[in-house]
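Engineer: There's a structure below that I have some questions on.
Derivation of every value follows stated rules applied to the coordinates shown; laboratory data play no part. What you see is a predicted model, and the numbers here were worked out from it, not measured in a lab. Cβ sites come from the backbone with ideal geometry, for glycine too, and all protein chains shown count toward neighbours.
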Amino acid sequence: MKIIGTGSARPSLTVTNAMLENFLDTSDEWIVTRTGIHERRVISSENLEDLASTAATKAMEDAGVTSEQIDFIICSNVVNEYVTPGLGCIIQGKIGATCPTMDINCACTGFLYALDIAEAYLATKDMKNILIVCAEEPSRMMNWKDRSSCILFGDAAGAVVVTKGDDLKAIRLSTHCKVEALYQRRRLQPTPFVTKEETDTDGVSMNGQDVFKLAVSSSIKDIDKVLTMAGITADDIDLYVLHQANVRIIESIRHFVNQDKSKFPFNLDKYGNTSSASIPALLDDLSRGNQLRTGELLLLSAFGAGFTTGACVLRWSK
Ligand code: ACO
């Protein structure tokens with residue numbers, strides 16, 4: 001596969017660390033030092049499906065394809081206002097496509113999983129263009145009284161159009177079941193038959209330090225593996241496009257691969273952790289900011305609830 005178009009969309013409301021100080025026992029200094037985040041975009045009046053459709057439309061325009069030319073839509077999403085249908089179905093209708101759609105929930109690693117599925121579908125099915133849309137509103141999952149988690153996240157949508165090509169040089173996905181490190185349960189409808197005890201839910205539950213350690217150790221393993229699979233070394237990578245969760249996690253990974261800071265683009269300071277939208281939205285920012293050169297080798301790496309992880313080596317040929 002190869003990426004031929006990118007797009008992104010973010011909510012209009014910027015929530016600064018100072019705004020969080022109004023209702024949380026926190027400070028700009030604590031948040032910036034521990035995470036690198038200065039502000040994030042948070043959904044107020046928007047609907048996630050509109051952000052997702054805007055990102056998708058921009059990616060199709062960038063790729064020079066129309067919605068009728070899209071053969072398949074993969075939508076990565078953890079939560080939105082619809083339990084069913086899948087967000088991909090709603091996006092299909094909004095952009096005027098007629099192809100089949102599939103939703104995946106692989107948390108923050110969703111973009112890597114979607115790339116792998118797209119690669120397999122393009123290789124084995126009669127498809128030309130696949131639209132990947134990663135749309136997330138983690139702000140609606142948080143307990144906004146929990147200062148250790150709600151400060152981290154922001155909402156966004158990122159999209160790419162991929163077609164047949166030879167740019168994906170290596171990809172590795174993994175899952176290590178560690179539910180307790182990061183999860184959110186939801187209370188289902190009561191029935192006359194349920195006898196088990198059910199407790200009320202209170203947003204995302206996260207053990208930040210466990211997630212930090214898992215993120216660094218699994219990313220290092222994935223990166224090592226995909227470099228070996230691609231037959232290259234860390235020096236051969238032009239840019240490390242990493243999941244934007246915490247600047248200290250990015251720094252730990254950077255130390256492991258022993259590469260210059262300039263190879264690690266980031267927008268985490270402005271947008272926080274936007275789950276699976278983080279990498280495609282960053283790719284879009286880089287592409288539209290003329291920061292990607294044709295022929296460059298990119299290393300993408302992400303981790304998220306599950307614990308899911310993934311990395312790939314991708315040549316940028318757009
Ligand atoms: N403001 C001020 N103080 C805070 C805040 C806050 N927002 N949050 C926690 N504290 C306090 C704690 O209560 C604790 O106080 P204590 O020492 O009196 O008990 C102190 O700060 C230190 O807390 P730690 O949890 O040890 O802080 P740490 O340095 O580990 O940073 C953080 C916490 C930022 C959450 C870090 O662990 C982290 O980034 N982990 C990874 C989280 C992550 O990336 N999650 C998402 C990944 S997966 C996905 O993308 C969905």
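Engineer: If the elastic network links every pair of Cα atoms under 10 Å, which of Ser219, Ser252, Ser45 fluctuates the most in the Gaussian network model of the chain?
Structural biologist: It is Ser45.
Engineer: Just the number: Rg to Rh for region 121-189, Cα atoms, Kirkwood Rh, two decimals.
Structural biologist: Checking Rg against Rh, the ratio lands at 1.10.
Engineer: Region 149-179: which trypsin sites (Lys or Arg not before Pro) are DSSP loop and have at most 14 other beta-carbon atoms within 10 angstrom?
Structural biologist: Loop-located and lightly packed - Lys164.
Engineer: Pick from His255, His38, His243: which is most flexible by mean-square fluctuation in a GNM of the chain where alpha carbon atoms under 10 Å apart are linked?
Structural biologist: Answer for the Gaussian network model of the chain: His255.
Engineer: Return the Rg/Rh ratio of region 1-134 with Cα-based radii and a Kirkwood Rh.
Structural biologist: Result: Rg/Rh = 1.06.
Engineer: Which aspartates and glutamates have a Cα less than 15 Å from the Cα of Lys145, not counting those fewer than 8 places away in the same chain?
Structural biologist: Lys145 reaches Glu21, Asp25, Asp202.
Engineer: Under a straight-distance cross-link criterion of Cα-Cα below 22 Å, which lysines are reachable from Lys94, leaving out those fewer than 8 residues away in the same chain?
Structural biologist: Filter leaves Lys58, Lys128.
Engineer: Ok, one more. Could you give the C-alpha radius of gyration of region 162-230 expressed as a fraction of 2.2 N^0.38 Å, taking N as the number of residues it contains?
Structural biologist: For region 162-230, the normalised Cα radius of gyration is 1.75.
Engineer: On to the next question. If I build a Gaussian network model for the chain, linking alpha-carbon pairs within less than 10 angstrom, which residue out of Glu39, Glu197, Glu296 has the largest mean-square fluctuation?
Structural biologist: Its mean-square fluctuation being the largest, the pick is Glu197.
Engineer: Any chance you could get the radius of gyration and Dmax over the Cα atoms of region 256-318, in Å?
Structural biologist: Taking only Cα atoms of region 256-318, I get Rg and Dmax of 12.5, 35 Å.
Engineer: Next question. Using mean Cβ contacts within 10 Å as the protection proxy, how do 301-314, 89-102 order, highest first?
Structural biologist: Result, highest mean Cβ count within 10 Å first: 301-314, 89-102.
Engineer: Okay, next question. For region 205-229 and region 253-307, what is the separation of their Cα centres, given in Å?
Structural biologist: 15 Å
Engineer: Hey, got the Cα dimensions of region 204-318 along the principal axes, in Å, largest first?
Structural biologist: 41, 30, 22
Engineer: Here's another thing I want to ask about it. Could you pull out every whole DSSP H run in the chain that spans at least 18 Å of Cα extent along its own axis and averages -0.5 or higher on the Kyte-Doolittle scale?
Structural biologist: Result, helices passing both filters: 48-63, 110-124, 208-230.
Engineer: Lysines within cross-link reach of Lys125: Cα-Cα under 19 Å, excluding same-chain residues under 8 positions apart?
Structural biologist: Cross-link targets: Lys2, Lys164.
Engineer: Ok, one more. For the chain, how big is Rg over Rh, using alpha carbon atoms and the Kirkwood form of Rh?
Structural biologist: Ratio of gyration radius to Kirkwood radius for the chain: 0.96.
Engineer: DSSP loop (so not H, G, I, E, B), at most 10 other Cβ within 10 Å: list which trypsin sites (Lys or Arg not before Pro) in region 196-299 pass both filters.
Structural biologist: Within region 196-299, the qualifying trypsin sites (Lys or Arg not before Pro) (loop, at most 10 other Cβ atoms within 10 Å) are Lys196, Arg293.
Engineer: Ignoring everything except DSSP H segments at least 4 long, calculate the 222 nm mean residue ellipticity for the chain; use -39,500 (n - 2.57) per segment, divide by total residues, nearest 500.
Structural biologist: After summing the helix terms and dividing by the residues of the chain, the value is -10000 deg cm²/dmol.
Engineer: A further question on this structure: So what's the gap between the Cα centers of region 1-65 and region 73-135, to the nearest angstrom?
Structural biologist: Taking the Cα centre of each part, region 1-65 and region 73-135 sit 20 Å apart.
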